[in-house]
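Trainee: There's a structure below that I have some questions on.
The values are calculated or read from the model by the stated rules, or taken from the named source; none is laboratory data. This one's a predicted model, so the numbers in the text were calculated from it and none came from an experiment. Positions of Cβ are backbone-derived with ideal geometry, glycine not excepted, and every protein chain shown enters the neighbour counts. Quick note on the areas: whole protein, heavy atoms, side chains included, nothing else; ligands and nucleic acids left out. Shrake-Rupley method; radii C 1.70, N 1.55, O 1.52, S 1.80 Å.
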Amino acid sequence: MDLIVAVDNNWAIGNKGELLVSIPEDMKFFRQTTMGSVVVLGRKTLAGFPNGLPLKGRDNIILSTNPNYTVKDATVVHSKEELLEELKNYKDRQVYVIGGGVIYDMLLPYCKYAHVTKINYSYQADTYFPNLDKLHNWSVVGESDEHTYFDLEYFFYKYENSCPLKI
């Protein structure tokens with residue numbers, strides 16, 4: 001299992017339920033990377049998608065603690081234990097954790113790789129991702145050249161977890 005996230009200089013990922021910024025090349029990278037795979041996300045992240053619908057071309061697994069929550073064309077689980085059990089059905093598939101903050105925190109120890117778009121800016125934010133540069137078991141194994149969107153600079157990084165937990 002891997003994860004994909006965009007962070008600012010402070011490892012912020014969102015504010016008031018919204019992404020900090022939408023960069024077309026980053027969105028394209030996200031689409032190309034996750035297409036045809038399994039994506040794991042929380043209910044609040046799904047609510048932020050266009051019309052609140054699951055991503056097309058991917059198997060969506062949504063975590064919600066509400067036992068009555070259902071989503072058409074997606075699998076809904078209601079606990080970490082149920083999620084980990086469900087993921088055993090996808091051992092032969094690429095799985096990406098795509099947010100939000102609670103889901104990232106919960107599943108980060110199980111991820112082998114993290115695809116991180118680092119945006120060289122500090123936004124107003126209320127949701128953060130763990131700073132992988134400060135976690136001893138995570139290291140950078142790939143880095144892009146600088147990209148720009150108008151006056152915004154950003155980089156694509158790939159981090160590796162030296163000891164991911166098994167599902």
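Trainee: Looking at the range 1-88, what strands (runs of 3 or more DSSP E) fall wholly within it and have at least 2 residues that are exposed (fewer than 13 other Cβ atoms within 10 Å of the Cβ) and modelled with pLDDT under 95? Walk me through how you get there before you give the answer.
Mentor: Details: elements: 2-7, 12-15, 38-42, 59-63, 75-77.
Filter on the range 1-88 gives an empty set.
Trainee: Can we say residue 95 is open to solvent by 70 Å² or more (accessible area, probe 1.4 Å), of a type in the set (A, V, I, L, M) and in contact (Cβ under 8 Å) with a residue 24 or more places away in the chain?
Mentor: Working: open to solvent by 70 Å² or more (accessible area, probe 1.4 Å): no; of a type in the set (A, V, I, L, M): yes; in contact (Cβ under 8 Å) with a residue 24 or more places away in the chain: yes.
The answer is no for residue 95.
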